[in-house]
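Working notes, structure below.
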Amino acid sequence: MNTPAHLIFGLTAFGKPDRRDVTAAALIGALLPDFSLYVMTSWHLMILGTSPQVVFDQLYFSQAWQNIFRVDNSIVLWFLALVLGLMWRSPVVIALCGAALLHLVLDFGLHHDDGRAHFWPISNWIFASPVSYWDSNHYGNIVAPIEVAASLACCWWLWKRFTGRLIRALIAILGLMEFLPIVVFTV
């Protein structure tokens with residue numbers, strides 16, 4: 001699933017209009033499972049000048065990168081952190097971990113040959129979903145428009161719930177980031 005959609009869904013599920021700290025935690029939690037990927041790809045593409053083909057066809061699947069992904073994409077670790085948040089009755093920790101877990105559950109079902117070891121440290125097994133959020137050979141041409149439609153519906157609902165200018169600007173930007181690729185790549 002695209003990262004803007006994860007942010008939209010995390011905000012929808014765990015954001016609270018009257019609690020900026022909880023809302024921020026929901027956004028951060030929705031982003032954290034993809035954060036290492038952004039840092040590593042940015043470093044290689046922008047600083048080292050590595051070609052996108054090498055980054056996404058080789059480095060992404062390398063043992064070194066997969067070892068990092070095992071940690072920040074571990075349903076086991078995020079679930080344990082959520083349990084701690086529930087024990088502490090911390091809305092911030094619950095929103096952070098809940099949004100991260102939502103991200104991982106959605107990724108689990110929508111990555112065919114580019115999934116992650118979601119059950120590390122218990123297992124290094126990687127589920128190859130029959131469905132992909134982007135690969136048309138695995139229904140990406142069906143899933144992508146559904147993802148966009150669900151994201152835009154969530155943006156509409158979020159717009160009604162949140163009234164602050166900054167958060168509404170963020171909602172609009174996330175909605176555009178989700179919608180524009182469909183327009184660009186289908187026109």
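Throughout, read-outs are computed from the coordinates displayed, never taken from laboratory work. These figures come from a predicted structure and were not determined experimentally. Neighbour counts run over all protein chains shown; Cβ positions are idealised from the backbone, glycine included.
Some points to look at:
- For the chain, the mean residue ellipticity at 222 nm estimated from helices alone is -22000 deg cm²/dmol, where every DSSP H run of n ≥ 4 contributes -39500 (n - 2.57) and the total is divided by all residues, rounded to the nearest 500.
- Local electrostatic count at residue 19 - Lys and Arg +1, Asp and Glu -1, tallied over other residues with Cβ under 15 Å: +2
- Principal axes of the chain: Cα extent on each, largest first, Å: 46, 44, 35
- Calculated SAXS-style log₁₀ I(q)/I(0) at q = 0.16, 0.19, 0.26 Å⁻¹ - the range 1-76, Debye, Cα scatterers: -0.68, -0.84, -1.14
- Cleavage-rule hits, chymotrypsin sites (Phe, Trp or Tyr not before Pro), the range 36-79, DSSP coil, Cβ neighbours within 10 Å at most 16: 60, 61
- Measuring between their Cα centroids, the range 89-147 and the range 1-65 lie 13 Å from each other.
- Helical segments meeting 18 Å axial Cα length and Kyte-Doolittle 0.0 threshold in the chain (DSSP H): 20-42, 75-88, 91-109, 140-161, 165-186
- Annotation: the residues 76, 92, sorted from fewest to most other C-beta atoms within 10 Å of their own C-beta, follow the order 76, 92.
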